[in-house]
1. Might you let me know whether segment 74-82 holds any residue that is modelled with pLDDT of 95 or more, more than 15 Å from the chain's Cα centre (by Cα) and farther than 19 Å from residue 128 by Cα?
2. Could you check segment 30-47 and list, in sequence order, the residues that are surrounded by 12 or more Cβ atoms within 10 Å (Cβ to Cβ), more than 13 Å from the chain's Cα centre (by Cα) and either over 22 Å from residue 68 (Cα atoms) or not assigned by TED's automatic domain parsing to the domain that holds residue 59 (or both)?
C-alpha cells in the first residue's frame, strides 16, 4: 500500500512536495513520481526516488495557509552512492547558504572536489546557491 509523504525541496524558496512512498517496516521507500524534475539541476530535492527514508509527523502550512500535520521525510537511511552523495551535498550547500561545517567538509571532501570540477567545467545544470558557494 502506498502512502503520501512530503519531501523538502529548494527552488529559490524552500517548500515541500507530496510524493508516493511504500512502507518498508518503520521506513518508506520514495517511489518515482512525475513531480520529480530530476533533469533540472536548479531544483534540489532532499530525497530522491528509490531513497529509503525515516518519516515523522510535522506541522506544515497547506496551500490555503492552514497549519496541519503531514508525514515528512526527515532522514535518509542506508548507504549512499557517490552520485547520491553529490546530490545531497548540493542540497546541503543550498540549505545552509554555502556554510558547510568542518565535519561536512571532511565527510564530503571527495564530492566537494567533484562538484567544484563540474561547476568549473559547466558540466551540469546548477542551482544558483551552489554557484554562489563556488564563487566564494
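The values are calculated or read from the model by the stated rules, or taken from the named source; none is laboratory data. A quick note: this is a predicted structure, and the numbers were derived from the prediction, not measured. Virtual Cβ from ideal backbone geometry, glycine too; neighbours counted across all protein chains shown.
1. no
2. 31, 32, 33
Yes or no, residue by residue, for (1) in the same structural domain as residue 122 (by TED's automatic domain parsing); (2) surrounded by 14 or more Cβ atoms within 10 Å (Cβ to Cβ); (3) touching a helix residue (DSSP H, G or I) at 6+ places or on another chain (Cβ under 9 Å); (4) at pLDDT below 95:
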position: 14; (1), (2), (3), (4): no, no, yes, yes
position: 28; (1), (2), (3), (4): no, yes, no, no
position: 62; (1), (2), (3), (4): no, no, no, yes
position: 66; (1), (2), (3), (4): no, no, no, yes
